[in-house]
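Worksheet: one structure, shown below.
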Amino acid sequence: SRPHPSSLSLSLILSLSLVPWSLSLRTALLGRRPILCVFHPRPRPQQPRFCRNLHPRSCPDVAEETLTSDLSGLCVSAATRESAFVHAIASAGVAFAVTRSCAEGTSTICGCDSHHKGPPGDGWKWGGCSEDADFGVLVSREFADARENRPDARSAMNRHNNEAGRTTILDHMHLKCKCHGLSGSCEVKTCWWAQPDFRAIGDYLKDKYDSASEMVVEKHRESRGWVETLRAKYALFKPPTERDLVYYENSPNFCEPNPETGSFGTRDRTCNVTSHGIDGCDLLCCGRGHNTRTERRKEKCHCIFHWCCYVSCQECTRVYDVHTCK
Ligand SMILES: *[C@@H]1O[C@H](CO)[C@@H](O)[C@H](O)[C@H]1NC(C)=O
């Protein structure tokens, strides 16, 4: 029997609003198996739309029997930029979750990074628990890339995007420091390496999704047989680096719901009436038009700072126009 998701010590929910579709991903480690769930953005966000084993080509493993086995979704058969994003954020999510859980002492096989990387700086010394992202990345590489060893283009694409996702974690490590001393003075400062907010990883990979590189498939004859590799489609553009996402198939149209492509459609999506971009009502609603309703929201206002030290606020009601696609 499988553990209930709420009993998992190691899980994280990432909420990303992606256009033209929005999704939440949940990566969790069930024993040694990472699971990826895609949630329907509405009307019941708590309910995963489908879950699957992280290995995209071998997706019979569904986390919970109660979920629909609608597996042909985003993460997915086609080699699109959405697929590239899902691979990158899923492999980053596994690396992140493993690293965090090691630092929290959840596992006996890993812990803090005792090497701390480099001498202490001026006025501070190493202390606390540095998160060992190298270990998390290693575990993620083993999980996510284990079955990506075919000589075909799709395997090459998945390996590349998985690695791009993991690299994001390493690139965003930062020093966190804490002051010690009498009554809030900073006589002694200790610092440690910490992972970024996962939100920052999501935002960064979302930018990479927007600027993903289109590739073409090339076939080579090697001693082990035919091998497919990827080459940038447009010689005029800067070739992708190891941090860029790559894809070689065009995205389907996400305007209408389509279980085959994993599209939820854009009906009821909130759109921006003044934007000419992909979040604007014209493009996002695919020409179907939009509805407008007013929403009253309570907000803090007229805040006053009192010496010393607290802030008092009043509550104001503001009226907003909310636009949603027809
Ligand atoms: C809507 O789009 C405009 C123009 O792009 C932008 O300035 C504004 O911040 C957007 N509003 C929201 C709520 O995203």
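Determine whether region 229-248 contains at least one residue that is within 16 Å of the ligand (Cβ to nearest atom) and outside any loop (DSSP other than H, G, I, E, B). Working first, answer last.
Pass one, region 229-248, residues within 16 Å of the ligand (Cβ to nearest atom): none.
No: zero hits.
Let me confirm something: among GLY181, GLY136, GLY165, which residue is surrounded by fewer than 17 Cβ atoms within 10 Å (Cβ to Cβ) and not charged (D, E, K, R)? Before the answer, list the steps.
Working: GLY136 fails: surrounded by fewer than 17 Cβ atoms within 10 Å (Cβ to Cβ); GLY165 fails: surrounded by fewer than 17 Cβ atoms within 10 Å (Cβ to Cβ).
So the residue among GLY181, GLY136, GLY165 that is surrounded by fewer than 17 Cβ atoms within 10 Å (Cβ to Cβ) and not charged (D, E, K, R) is GLY181.
Restricting the search to region 142-162, which residues are under 27 Å from GLN195 (Cα atoms), surrounded by 14 or more Cβ atoms within 10 Å (Cβ to Cβ) and among the hydrophobic types (A, V, I, L, M, F, W, C)?
PHE143, ALA144, MET157
As an exercise: evaluate SER77 against (1) in contact with a His (Cβ under 7 Å, 6 or more places away or on another chain); (2) among the polar types (S, T, N, Q); (3) at pLDDT below 80 and give the number of the one condition it does not meet.
(1)
May I ask you to say which residue of ASN162, ASN158 is under 21 Å from ALA92 (Cα atoms), touching a Pro at 6+ places or on another chain (Cβ under 7 Å) and not in a loop (DSSP other than H, G, I, E, B)?
Numbers: ASN162 fails: touching a Pro at 6+ places or on another chain (Cβ under 7 Å).
The unique qualifying residue is ASN158.
Out of contact with any strand residue (DSSP E or B) (no Cβ under 9 Å at 6 or more places or on another chain) and not in a strand (DSSP E or B), is that true of GLY277? Break it down into steps so the answer makes sense when it comes.
Working: out of contact with any strand residue (DSSP E or B) (no Cβ under 9 Å at 6 or more places or on another chain): yes; not in a strand (DSSP E or B): yes.
So GLY277 passes the test.
Checking VAL216 against (1) away from the ligand (no atom under 16 Å from the Cβ); (2) over 28 Å from the mean Cα position of the chain (by Cα); (3) in a strand (DSSP E or B), only one condition comes out false. Which one?
Going through the list (1) away from the ligand (no atom under 16 Å from the Cβ); (2) over 28 Å from the mean Cα position of the chain (by Cα); (3) in a strand (DSSP E or B), VAL216 breaks only (2).
In this structure, is ALA90 open to solvent by 10 Å² or more (accessible area, probe 1.4 Å) and under 30 Å from PRO252 (Cα atoms)? So that I can check it myself, show each step before the final result.
Working: open to solvent by 10 Å² or more (accessible area, probe 1.4 Å): no; under 30 Å from PRO252 (Cα atoms): yes.
It is false that ALA90 is open to solvent by 10 Å² or more (accessible area, probe 1.4 Å) and under 30 Å from PRO252 (Cα atoms).
(1) surrounded by fewer than 10 Cβ atoms within 10 Å (Cβ to Cβ); (2) touching a Gly at 6+ places or on another chain (Cβ under 8 Å): which one isn't true of GLU242, the others all being true?
Just one mismatch for GLU242, condition (2).
Which members of region 224-236 meet the condition of being in contact with an Asp or Glu (Cβ under 9 Å, 6 or more places away or on another chain) and either farther than 18 Å from MET157 by Cα or among the basic types (Lys, Arg) (or both)?
Passing the criteria: ARG231, LYS233.
Is one or more of the residues making up region 296-307 within 16 Å of the ligand (Cβ to nearest atom), over 30 Å from ALA153 (Cα atoms), open to solvent by less than 100 Å² (accessible area, probe 1.4 Å) and of a type outside the set (Phe, Trp, Tyr)? Let's see the steps before the verdict.
Start the filter on region 296-307 by keeping residues that are within 16 Å of the ligand (Cβ to nearest atom), which leaves 297, 299.
Next, only the ones that are over 30 Å from ALA153 (Cα atoms) stay: 297, 299.
From what's left, open to solvent by less than 100 Å² (accessible area, probe 1.4 Å): 297, 299.
Those left that are additionally of a type outside the set (Phe, Trp, Tyr): 297, 299.
Yes: region 296-307 contains one or more residues that are within 16 Å of the ligand (Cβ to nearest atom), over 30 Å from ALA153 (Cα atoms), open to solvent by less than 100 Å² (accessible area, probe 1.4 Å) and of a type outside the set (Phe, Trp, Tyr).
Out of ASP210, ASP244, ASP279, which single residue is charged (D, E, K, R) and outside the structural domain of MET157 (by TED's automatic domain parsing)? Full working, then the answer.
Details: ASP210 fails: outside the structural domain of MET157 (by TED's automatic domain parsing); ASP244 fails: outside the structural domain of MET157 (by TED's automatic domain parsing).
After applying the criteria, what remains is ASP279.
Determine which member of the set ALA146, ALA95, ALA88 is within 19 Å of ALA212 (Cβ to Cβ) and of a type in the set (A, V, I, L, M). Steps first, please.
Numbers: ALA146 fails: within 19 Å of ALA212 (Cβ to Cβ); ALA95 fails: within 19 Å of ALA212 (Cβ to Cβ).
Sole residue among the options that is within 19 Å of ALA212 (Cβ to Cβ) and of a type in the set (A, V, I, L, M): ALA88.
Just to be sure, is CYS255 at pLDDT below 90, more than 30 Å from MET157 (Cα to Cα) and either within 16 Å of the ligand (Cβ to nearest atom) or part of a loop (DSSP other than H, G, I, E, B) (or both)? I'd like the intermediate steps shown before the answer.
Values: at pLDDT below 90: yes; more than 30 Å from MET157 (Cα to Cα): no; either within 16 Å of the ligand (Cβ to nearest atom) or part of a loop (DSSP other than H, G, I, E, B) (or both): yes.
No; evaluated as a whole, the condition is false for this residue.
Here's a check for you: in region 286-295, which residue that is touching a residue at least 24 places away in the same chain (Cβ under 8 Å) and more than 13 Å from the ligand (Cβ to nearest atom) is farthest from VAL319 (Cα to Cα)? Spell out the reasoning first.
Within region 286-295, the subset touching a residue at least 24 places away in the same chain (Cβ under 8 Å) is 286, 288-295.
Filter again for more than 13 Å from the ligand (Cβ to nearest atom), leaving 286, 288-294.
Working: CYS286: 27, ARG288: 26, GLY289: 22, HIS290: 19, ASN291: 16, THR292: 13, ARG293: 10, THR294: 6 Å.
Among residues in region 286-295 that are touching a residue at least 24 places away in the same chain (Cβ under 8 Å) and more than 13 Å from the ligand (Cβ to nearest atom), the one farthest from VAL319 (Cα to Cα) is CYS286.
Which pairs have Cβ atoms under 7 Å, sit 6 or more apart or on different chains, and link a residue in region 256-285 that is within 22 Å of THR80 (Cβ to Cβ) to one that is within 16 Å of the ligand (Cβ to nearest atom) and at pLDDT below 85?
THR266/PRO20; ILE278/VAL19; ILE278/PRO20; ASP279/VAL19; LEU284/VAL19; LEU284/PRO20; LEU284/ILE278
Just to check your reading of the model, which residue among ASP282, ASP268, ASP210, ASP203 is among the acidic types (Asp, Glu) and away from the ligand (no atom under 16 Å from the Cβ)? Don't jump to the end; show me each part of the working.
Numbers: ASP282 fails: away from the ligand (no atom under 16 Å from the Cβ); ASP210 fails: away from the ligand (no atom under 16 Å from the Cβ); ASP203 fails: away from the ligand (no atom under 16 Å from the Cβ).
After applying the criteria, what remains is ASP268.
Could you check THR66 against (1) open to solvent by 10 Å² or more (accessible area, probe 1.4 Å); (2) at pLDDT 50 or above and say which number it fails?
Here THR66 meets the rest and fails (2).
Of everything in region 295-314, what is more than 35 Å from the chain's Cα centre (by Cα) and of a type outside the set (Gly, Ala, Ser)? Give them in sequence order.
Taking region 295-314 and keeping what is more than 35 Å from the chain's Cα centre (by Cα), we get 302-314.
Within region 295-314, HIS302, CYS303, ILE304, PHE305, HIS306, TRP307, CYS308, CYS309, TYR310, VAL311, CYS313, GLN314 meet the criteria.
The values are calculated or read from the model by the stated rules, or taken from the named source; none is laboratory data. Keep in mind that what you see is a predicted model, and the values were worked out from it rather than measured. Note that we place each Cβ from the backbone using ideal geometry, even for glycine, and neighbour counts take in every protein chain shown. For the accessible areas, the whole protein counts, side chains as well, though only heavy atoms, and no ligand, DNA or RNA atoms are used. Shrake-Rupley method; radii C 1.70, N 1.55, O 1.52, S 1.80 Å.
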